[in-house]
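Let me begin by presenting the structure, written as structure tokens, before commenting on it.
The values are calculated or read from the model by the stated rules, or taken from the named source; none is laboratory data. Remember, it's a predicted structure, so these values are computed and weren't measured experimentally. Cβ placement follows ideal geometry from the backbone for every residue including glycine, while neighbour counts extend to all protein chains displayed.
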Amino acid sequence: MADPVPAPHPFANLLARVQGVCRDLMIEGSLPADINLSRVVVEPPKDASHGDMATNAAMVLAKEAKAKPRDLAEKIAAGLRADPLVASVEVAGPGFINMTLRPMVWIDELGSILDEGAGYGRSRLGGDHKVNVEYVSANPTGPMHVGHCRGAVFGDALASLLAFAGYDVTREYYINDAGAQVDVLARSAYLRYREALGENIGEIPDGLYPGDYLKPVGEALAKQHGDALLKQSESEWLPGVRATAIAMMMEMIRGDLAALNITHEVFFSERSLIEGGSDRVAATIDFLRAKGDVYEGRLPPPKGAPVEDWEDREQTLFRATAYGDDVDRPLLKSNGGYTYFASDIAYHKTKYDRGFRDLVDVWGADHGGYIKRMQAAIKAVTSDEATLDVKIVQLVKLLRNGEPVKMSKRAGDFVTLREVVDEVGCDAVRFMMLFRKNDAVLDFDLAKVIEQSKDNPVFYVQYGHARGHSIFRNAREVIADLPEDDGARLEFLRAAKLERLSDPVELDLIRRLAVYPRTLEAAALAHEPHRVAFYLYDLASEFHALWTKGRDAPHLRFIINNDAELTLSRLALVQGVVSVLASGLAVLGVDAPVEMR
């Protein structure tokens with residue numbers, strides 16, 4: 001059975017009505033019959049005193065209509081004034097159109113929240129379109145650190161957001177198991193293997209991984225091989241040691257991610273591109289060569305680089321400049337091996353070959369310069385049929401009471417993700433990693449994120465959800481049969497007379513709730529889950545503020561002892577808040593507690 005089609009949210013509803021007025025103007029000749037309405041939007045005005053919604057219709061259509069924006073705005077406004085949902089329309093400035101809606105629009109939307117419950121805000125925006133979201137993809141050389149944590153949370157929340165918006169999402173992790181760093185890992189593990197056999201290995205040499213996390217790998221190798229590896233040359237023992245070390249590191253990484261409630265459907269091995277009887281990197285280079293996108297040539301020296309750091313030689317080059325990059329890019333090293341870029345092209349081609357046309361990669365702060373060449377490669381290998389959106393996650397500064405946190409003894413030179421999660425909890429980590437735009441540096445204070453105050457966003461939002469449930473518990477003194485179960489309570493509250501919610505502050509809170517579906521869609525289109533976190537904080541703030549007003553103005557309290565009907569109506573409003581907070585927190589992968597201790 002197919003999921004029910006979500007009802008259009010107020011902004012989508014009003015957009016359709018604005019476009020309807022524009023189509024009427026086409027019929028009468030005031031607008032060209034073939035004018036493009038896709039640029040018309042309906043959104044909240046920047047200043048709430050200007051009304052409930054605003055549209056740019058006249059501003060974006062005037063040039064094509066060969067009309068003055070203000071004159072066109074007046075014609076559109078005249079059509080909107082006849083709409084039964086619209087209470088008033090004002091034309092402002094050069095041609096902006098501000099609309100105030102009738103209160104029943106908001107009352108009806110609260111009814112939709114009660115009808116849809118946990119499904120409120122879910123949309124079919126994505127149309128089941130396949131999207132591949134690749135995130136984390138940390139080198140399998142040790143435990144996850146706090147920097148990986150931000151990309152992991154961002155990617156996971158984005159995947160959930162896209163799925164909620166109707167996309168068919170695949171979560172993917174690219175295992176970088178074919179580069180020089182995994183050979184360093186193998187040599188580091190071999191040193192721990194010798195240590196496990198009783199040898200005093202002394203200080204870990206420079207260039208090897210020093211963390212204690214490799215001791216279990218050495219012990220596992222000793223248990224499996226005894227002292228047999230000591231009798232082999234490096235070329236003999238390295239492949240097996242490398243495979244064991246990578247497998248154990250990936251098991252550790254999966255465990256670290258599980259601590260954040262993060263799982264991936266696909267783990268793709270870089271080494272699989274060149275092993276297993278086929279060389280997909282070579283095949284990709286041949287594919288590009290046949291298209292005329294690979295040639296043998298020389299590159300000019302990099303700007304600002306010393307001459308001795310640059311090798312003037314003929315190379316196998318990808319014609320990246322034909323697809324928007326600044327310079328053509330090497331595909332082979334001087335020793336004949338593949339560059340990282342060549343392997344990355346082949347890997348992304350596998351995504352296209354698996355049916356993905358929308359690709360999202362989540363990369364660390366030091367990869368910004370790699371974006372243009374990778375997007376050029378995607379255009380080339382997919383004949384411009386696929387798009388790649390790269391989201392850069394900036395650095396995390398880990399603090400405790402404003403002071404930098406010392407490095408981890410276990411990891412050797414960084415603080416591990418697991419240490420942070422163990423100290424402050426999964427919810428605090430996930431929410432705070434999203435409570436700042438991904439491309440801005442994040443200060444993460446271990447002391448601040450566990451404070452029970454308004455200054456701690458995750459507490460404030462979760463407390464909003466718990467406060468709603470506290471109101472339900474207290475309300476049973478007035479409405480004894482109020483169900484505890486969420487589903488039963490939603491159905492019970494649907495009988496409330498919602499028109500009793502007439503105070504301006506109540507209607508303002510419903511307006512805030514009604515923005516949720518639009519927020520989700522906008523966040524999904526922009527690939528920006530932080531918008532959901534910001535919205536939830538604003539909603540919780542408004543809910544807490546209304547609760548506080550009730551202490552000073554008894555007529556605004558949610559529970560009115562001598563008016564069960566009004567109490568029921570206000571409990572329906574509380575349920576709306578609880579449902580939306582729970583929904584948004586679920587999208588972000590954060591728990592919605594019913595009690596806070």
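All but one of (1) in contact with a Ser or Thr (Cβ under 9 Å, 6 or more places away or on another chain); (2) at pLDDT 95 or above hold for ARG373; which doesn't?
Here ARG373 clears every test but (1).
Just checking, how many residues over the stretch 259-282 are more than 12 Å from PRO140 (Cβ to Cβ) and surrounded by 13 or more Cβ atoms within 10 Å (Cβ to Cβ)?
Selection size over the stretch 259-282: 14.
Here are ASP177, ASP156, ASP168: which of them is in contact (Cβ under 8 Å) with a residue 24 or more places away in the chain and closer than 28 Å to VAL578 by Cβ?
ASP156
List every residue pair whose Cβ atoms sit under 8 Å apart, with the two residues 6 or more apart in sequence or on different chains, where the first one lies in the stretch 29-48 and is among the β-branched types (Val, Ile, Thr) and the second, anywhere, is assigned to a loop (DSSP other than H, G, I, E, B).
VAL40/ASN56; VAL41/ASN56
Of everything in the stretch 478-498 that's loosely packed, with under 11 Cβ neighbours inside 10 Å and in contact (Cβ under 8 Å) with a residue 60 or more places away in the chain, which residue is farthest from ASP108 (Cα to Cα)?
Step by step, filter the stretch 478-498, then rank; the result is GLY487.
For the stretch 492-499, state whether one or more residues are over 24 Å from MET432 (Cβ atoms), charged (D, E, K, R) and touching a Ser or Thr at 6+ places or on another chain (Cβ under 7 Å).
Scanning the stretch 492-499 turns up at least one residue that is over 24 Å from MET432 (Cβ atoms), charged (D, E, K, R) and touching a Ser or Thr at 6+ places or on another chain (Cβ under 7 Å).
Within the stretch 52-65, does at least one residue satisfy the condition of being loosely packed, with under 14 Cβ neighbours inside 10 Å and under 27 Å from THR519 (Cβ atoms)?
no
Taking the stretch 349-374 as the search range and keeping residues that are in contact with a helix residue (DSSP H, G or I) (Cβ under 8 Å, 6 or more places away or on another chain) and crowded, with 20+ Cβ neighbours inside 10 Å, which one is nearest to VAL415 (Cα to Cα)?
Per the criteria, the residue is VAL362.
Could you say which residue among VAL577, VAL515, VAL587 is closer than 30 Å to THR387 by Cα, buried (at least 23 other Cβ atoms within 10 Å of the Cβ), touching a residue at least 12 places away in the same chain (Cβ under 8 Å) and β-branched (Val, Ile, Thr)?
VAL587
Please name all residue pairs, on different chains or six or more residues apart, with Cβ atoms under 7 Å, provided the first residue is in the stretch 290-318 and is within 17 Å of ALA380 (Cα to Cα) and at pLDDT 95 or above and the second residue is hydroxyl-bearing (Ser, Thr, Tyr) and surrounded by 12 or more Cβ atoms within 10 Å (Cβ to Cβ).
Final answer for the pair search is VAL294/THR316; LEU317/TYR295.
Restrict the check to the stretch 503-526 and report whether at least one residue is touching a Ser or Thr at 6+ places or on another chain (Cβ under 6 Å) and within 18 Å of LEU566 (Cα to Cα).
The answer is no, given that none of the residues of the stretch 503-526 is touching a Ser or Thr at 6+ places or on another chain (Cβ under 6 Å) and within 18 Å of LEU566 (Cα to Cα).
Looking only at the stretch 16-27, decide whether some residue is closer than 19 Å to LYS75 by Cβ and outside any helix (DSSP H, G or I).
The answer is no, given that none of the residues of the stretch 16-27 is closer than 19 Å to LYS75 by Cβ and outside any helix (DSSP H, G or I).
Between GLY121, GLY147, GLY166, which is out of contact with any Lys or Arg (no Cβ under 6 Å at 6 or more places or on another chain) and modelled with pLDDT of 95 or more?
GLY121
Against the condition assigned by TED's automatic domain parsing to the domain that holds LEU214 and buried (at least 18 other Cβ atoms within 10 Å of the Cβ), how does ARG192 come out, does it pass?
Yes: the conditions hold for ARG192.
Pairs under 6 Å by beta carbon, first residue farther than 17 Å from VAL590 by Cβ in the stretch 445-457, partner of a type outside the set (Asp, Glu) and part of a loop (DSSP other than H, G, I, E, B), six or more apart or different chains?
Sorted first by the residue in the stretch 445-457, then by its partner, the pairs are ALA447/ASN401.
Does any residue in the stretch 132-143 that is among the charged types (D, E, K, R) come within less than 8 Å, Cβ to Cβ, of a residue that is part of a strand (DSSP E or B) six or more places away or on a different chain, and which pairs are these?
Close Cβ pairs (under 8 Å, with a partner that is part of a strand (DSSP E or B)) amount to GLU134/GLU172; GLU134/TYR173; GLU134/TYR174; GLU134/LEU359; GLU134/VAL360; GLU134/ASP361; GLU134/VAL362.
Report yes if some residue within the stretch 339-362 is more than 27 Å from the chain's Cα centre (by Cα) and free of Cβ contacts under 8 Å to residues at least 60 places away in the same chain; otherwise report no.
Within the stretch 339-362, one or more residues are more than 27 Å from the chain's Cα centre (by Cα) and free of Cβ contacts under 8 Å to residues at least 60 places away in the same chain.
State all residues of the stretch 133-160 that are surrounded by fewer than 23 Cβ atoms within 10 Å (Cβ to Cβ) and in contact with a Pro (Cβ under 6 Å, 6 or more places away or on another chain); if no residue qualifies, say none.
none
Wholly within the stretch 371-473, which helices (runs of 4 or more DSSP H) include no fewer than the required count, namely at least 2 residues that are closer than 20 Å to VAL153 by Cα and in contact with a strand residue (DSSP E or B) (Cβ under 8 Å, 6 or more places away or on another chain)?
417-424, 426-434
Would you check which residues across the stretch 496-518 are outside any helix (DSSP H, G or I) and under 31 Å from the mean Cα position of the chain (by Cα) and list them?
The answer is VAL515, and nothing else.
When you scan the stretch 241-258, do you find a residue that is surrounded by 15 or more Cβ atoms within 10 Å (Cβ to Cβ), closer than 29 Å to PHE431 by Cα and in contact with a strand residue (DSSP E or B) (Cβ under 8 Å, 6 or more places away or on another chain), even just one?
Checked the stretch 241-258: at least one residue is surrounded by 15 or more Cβ atoms within 10 Å (Cβ to Cβ), closer than 29 Å to PHE431 by Cα and in contact with a strand residue (DSSP E or B) (Cβ under 8 Å, 6 or more places away or on another chain).
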